[in-house]
Amino acid sequence: MNQFISKKLITQGLSIVVSAVLAQSAFAHTRLKVPVIDENAAFHGSNYNDVVVAHGCQNESDGNSTIDTIGTVVVFPDGKDSIITVDGAPHNGQLSDFVTNWASPVTIIQDRSVFTQQSYITDSLGNKLGFWAAGGNGLKAGYRGLLPFATAGVVIESTSCAKSVTFVLGIADVCEVTDNNGFSNATVQLWTPAVGSNFDGSGLHGFDSPATLKINRTIAPLPESCGAGLEVVVKPSAQQLNRDMKVIVDGQQIWPKN
Ligand SMILES: [Cu+2]
């Protein structure tokens, strides 16, 4: 092998190592497996995805993530009282200014490989805003868990200047059932936007580090007057998270404890 090629291989090898490290840190928290999708629908109006539960809870002696996860709660913004920003600035209008069909974004894909029970989280109209999964032996610490689901095709308002719309999720990976006062790095991993809900988890491991689903505009071209287009971000309100981040079985609230 000549020197040029071996040098090139070393450089390539290094860049592979660097990108592997970057990829790892990108997955150091609970995220969606496919965090960026196109507008509309890949397969019959659905985009297939997984919540990737990256690690368990941290034991108090050495802070390592050695505690198993016993359930996960996943909530999308309802689009009704959600917090909307446009290029970082608050938007006072409605989500329908940018997205025409947001109502029931989530479909559970049945799977009992990590948790044996799954159930929708719905609003009073029956819109499927998220889901929880729990039961069985749960997710062993040191392993990753994939919780499959599909999102409905999202259609961006054609007359708007949105070039993308990013939905911010609220996710909780539960390791021990407690009330809100019992939240700690050893009992729960909270991947929520800090919007002032009971699930902010101020000072905890995942503080204000939520998973996101970004939808890129791909159908109607941006109106010329829009220039480069706008980045829209949609977060669930504190009120919604307080209402929806719950595990309820047969009418009984299991998590958090009342
Ligand atoms: Cu983490």
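The values are calculated or read from the model by the stated rules, or taken from the named source; none is laboratory data. Note that the coordinates shown come from a computational prediction; the quantities given were computed from them, not determined experimentally. Ideal geometry is used to build each Cβ from the backbone, glycine not excepted, and the neighbour counts take in all protein chains shown. Side chains included, ligands, DNA and RNA excluded: accessible areas come from the protein's heavy atoms. Shrake-Rupley method; radii C 1.70, N 1.55, O 1.52, S 1.80 Å.
Odds and ends about this structure:
- Selection of segment 198-242 for residues being touching an Asp or Glu at 6+ places or on another chain (Cβ under 8 Å) and free of Cβ contacts under 8 Å to residues at least 12 places away in the same chain yields only Asp200.
- Listed by first and then second residue, the pairs linking a residue in segment 62-83 that is part of a strand (DSSP E or B) and open to solvent by 50 Å² or more (accessible area, probe 1.4 Å) to a residue that is within 16 Å of the ligand (Cβ to nearest atom) and modelled with pLDDT of 95 or more, with Cβ atoms under 7 Å apart and 6 or more places separating them unless they lie on different chains, are Ile70/Val174; Ile70/Cys175.
- Looking only at segment 223-258, and only at residues there that are in contact with a Leu (Cβ under 7 Å, 6 or more places away or on another chain) and not charged (D, E, K, R), the one that is surrounded by the most Cβ atoms within 10 Å (Cβ to Cβ): Val234
- Residues of segment 223-236 that turn out to be in a loop (DSSP other than H, G, I, E, B) and either of a type in the set (S, T, N, Q) or touching a helix residue (DSSP H, G or I) at 6+ places or on another chain (Cβ under 6 Å) (or both), as a count: 0
- Number of positions in segment 86-100 that are surrounded by fewer than 15 Cβ atoms within 10 Å (Cβ to Cβ) and either outside any loop (DSSP other than H, G, I, E, B) or not hydroxyl-bearing (Ser, Thr, Tyr) (or both): 8
- In summary, Ala220 fulfils each of the numbered conditions (1) open to solvent by less than 50 Å² (accessible area, probe 1.4 Å); (2) part of a loop (DSSP other than H, G, I, E, B); (3) within 25 Å of Arg31 (Cβ to Cβ) with the single exception of condition (3).
- Selection from segment 36-61 of residues that are charged (D, E, K, R) and outside any loop (DSSP other than H, G, I, E, B): Asp38, Asp50
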